[in-house]
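The values are calculated or read from the model by the stated rules, or taken from the named source; none is laboratory data. This is a predicted model, so every value here is computed, not measured. Heads up, the Cβs are rebuilt from the backbone with ideal geometry, glycines too, and the neighbour counts pull from every protein chain shown.
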């Protein structure tokens with residue numbers, strides 16, 4: 001999107017929109033594979049749903065939203081479990097892929113082009129909200145979590161998978177692979193700007209120390225149901241993004257929060 005509407009967006013939203021529109025073509029094949037699967041797996045290590053239990057087994061009658069849906073394969077998984085699903089994403093190019101796959105698979109979704117920090121639907125529209133490396137890392141947590149709270153009905157659940165702050169504390173500012181040394185402060189962690197790094201430049205991410213996630217949930221009005229720290233499977237080898245599988249078998253690279261609106 002260009003023009004006045006784009007100019008009014010926060011800087012990180014504009015930067016991330018440009019980043020994802022430019023690289024959307026790199027995610028088409030993954031989207032196609034995930035849409036074709038009825039066996040969800042999660043995160044960069046493809047941890048199975050049987051281990052993480054991110055989704056209710058039966059979502060019949062539930063209104064659900066994916067906050068930062070990308071190619072919308074998580075939305076498709078929820079629709080197949082019976083939910084009425086809305087997905088919102090910052091990238092028009094990602095949504096173009098999602099709409100093509102929606103037509104191919106005959107699954108009906110409502111897809112919105114927009115910022116997950118400001119979703120154009122009424123208060124209390126959903127029973128369940130989720131994102132996997134969507135709003136959880138690309139949106140300001142102080143803003144998108146309050147928006148998720150607004151969108152959920154009382155008792156509604158939010159589940160999301162994000163970068164683990166320990167991994168981010170070990171991530172060199174050059175963009176190189178994480179190592180076995182702390183290279184940036186853990187306390188006060190918030191905004192991670194990858195736009196001008198030496199290796200594999202990206203967008204603007206957000207990450208909080210675990211204690212700050214907990215404090216934020218309480219301030220906003222969420223009760224914590226669960227926290228998971230998925231490990232890379234022992235059989236996994238190689239590098240995903242800037243994390244080596246052997247590193248992620250020793251230390252947590254991802255976390256899953258499951259919270260509930262009061």
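A Cβ distance below 6 Å, combined with a sequence gap of six or more or placement on separate chains, defines the contacts here; from the range 1-24, residues that are at pLDDT 95 or above reach residues that are in a helix (DSSP H, G or I) in the pairs 16/138; 20/94; 21/93; 24/93; 24/94.
Okay, residues lined up against (1) in a strand (DSSP E or B); (2) without any contact (Cβ under 8 Å) to a residue 40 or more places away in the chain; (3) closer than 30 Å to residue 154 by Cα:
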{"residue": "182", "(1), (2), (3)": "no, yes, no"}
{"residue": "202", "(1), (2), (3)": "no, no, no"}
{"residue": "215", "(1), (2), (3)": "no, yes, yes"}
{"residue": "227", "(1), (2), (3)": "yes, yes, yes"}
{"residue": "231", "(1), (2), (3)": "no, no, no"}
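For the residues 211, 235, the requirement of being exposed (fewer than 13 other Cβ atoms within 10 Å of the Cβ) and part of a loop (DSSP other than H, G, I, E, B) singles out 235.
Out of the residues in the range 133-149 that are surrounded by fewer than 24 Cβ atoms within 10 Å (Cβ to Cβ) and not in a helix (DSSP H, G or I), state the one that is nearest to the chain's Cα centre (by Cα). Top of the filtered list is 133. Just the residues that are in contact (Cβ under 8 Å) with a residue 24 or more places away in the chain and surrounded by fewer than 20 Cβ atoms within 10 Å (Cβ to Cβ), please, taken from the range 56-80. Passing the criteria: 56, 57, 58, 62, 80. Checked against (1) surrounded by 13 or more Cβ atoms within 10 Å (Cβ to Cβ); (2) out of contact with any strand residue (DSSP E or B) (no Cβ under 8 Å at 6 or more places or on another chain), residue 228 passes all but a single condition, namely (2). In the range 7-55, of all residues being part of a loop (DSSP other than H, G, I, E, B) and more than 18 Å from the chain's Cα centre (by Cα), the one that is surrounded by the most Cβ atoms within 10 Å (Cβ to Cβ) corresponds to 9. Restricting the range 165-180 to residues that are outside any loop (DSSP other than H, G, I, E, B) and in contact (Cβ under 8 Å) with a residue 24 or more places away in the chain, the residue that is nearest to residue 243 (Cα to Cα) is 167.
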